[in-house]
Amino acid sequence: MILDAGLHRHLRFKTPGASSYYYDIVTWPGFLAVTGDMGTYVFSRLTDMFEFFMTQIDRYPERKQDPLDTINPSYWQQKLEGSPKEGVDKFDEEAFNKAVMEFLVTYIRENRHEVSAEVRRYLWDGVVDEIINADSSFGGDEKRRALANFRFPYPGNFPSFNISDLLERSFEEPSFHYLWICYAIVSGITQYREYKGAG
């Protein structure tokens, strides 16, 4: 504990002699910053941010047994004032590909009488080649661009194939670093409370 003066706290969580996975929690009225190996995040919501992050445990003590029940990443993200340049979300390629393929399969099933087997195969191959196999690096930008630019790859008059409507979905999920930070905050505050309770 580097500083413990009411709402002004500076707590360090670090294995002696090591620097991997260390983090600091720093609070001042209305703010909590956490910094370390996983980046720097600044949250603001309540005067005492420890209360904000411990709401789930304080309200439902039985949840302390399951770490998954102790954090609320999507709500906490709304209270972020600052985060690393790479952000808190990452592109979820699996969810993107699944949504594309579900759209394609639904279209083929619903239009099997209007679209021949040859055209359905051509469409399937086009979606896989141009969208599913598009580069997923750089936050999925190429995959999104491929989705936006995709056109029915066969000449003729066919039922509308509006696969670009999927762009209305975000296909983002919390990054490993952000989730790690969320758990670290709860773990750190829990350790702090236990230490203060023992002292």
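See the values below:
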{"item": "Length added when fully stretched, GLU51-GLN191, from 0.36 nm per residue minus Cα-Cα", "result": "49.0 nm"}
{"item": "Unit charges on C-beta of K, R, D, E only; dipole of the chain, Debye", "result": "420 debye"}
{"item": "Modelled label reach - GLU110, point 7 Å along Cα→Cβ, the stretch 159-175 residues with backbone N closer than 15 Å", "result": "159-167"}
{"item": "Neighbour-limited loop hits for GluC sites (Glu not before Pro), the stretch 69-177 (at most 10 other Cβ within 10 Å; DSSP other than H, G, I, E, B)", "result": "GLU114"}
{"item": "MRE, 222 nm, helices only [DSSP H, n ≥ 4, -39500 (n - 2.57), over the chain, to nearest 500]", "result": "-11500 deg cm²/dmol"}
{"item": "Lys pairs, the chain - Cα-Cα below 25 angstrom, 8 or more residues apart or on other chains", "result": "10"}
{"item": "Over the chain: Rg over Rh, Cα atoms, Kirkwood Rh", "result": "1.18"}
{"item": "Kyte-Doolittle at least -1.0, axis length at least 27 Å by Cα - qualifying DSSP helices, the chain", "result": "176-198"}
{"item": "Extension gain from GLU142 to LEU7, taking 0.36 nm per residue of separation minus the Cα-Cα distance", "result": "44.0 nm"}
{"item": "Efficiency of FRET from Cβ geometry, GLU81 and SER19, R₀ 35 Å, rounded to 0.05", "result": "0.85"}
{"item": "Relative contact order of the chain, pairs being alpha-carbon contacts under 8 Å that are 6 or more residues apart, as %", "result": "19 percent"}
{"item": "Under 15 Å from the SER44 label point (7 Å along Cα→beta-carbon), backbone N, the stretch 1-34", "result": "27-34"}
{"item": "Farthest positive-ward along the chain dipole, Cα basis, beta-carbon charges - from GLY87, SER187, SER116", "result": "SER187"}
{"item": "ARG169-THR35 FRET efficiency (beta carbon distance; Förster radius 30 Å; 0.05 resolution)", "result": "0.40"}
{"item": "Length-normalised contact order of the stretch 97-174 in % [C-alpha pairs under 8 Å, at least 6 apart]", "result": "33 percent"}
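Bear in mind that the values in this text are calculations on the coordinates, not laboratory data. Since this is a predicted model, take the numbers as computed values, not measurements. Here Cβ is always computed from backbone atoms with ideal geometry, including for glycine, and neighbour counts include all displayed protein chains.
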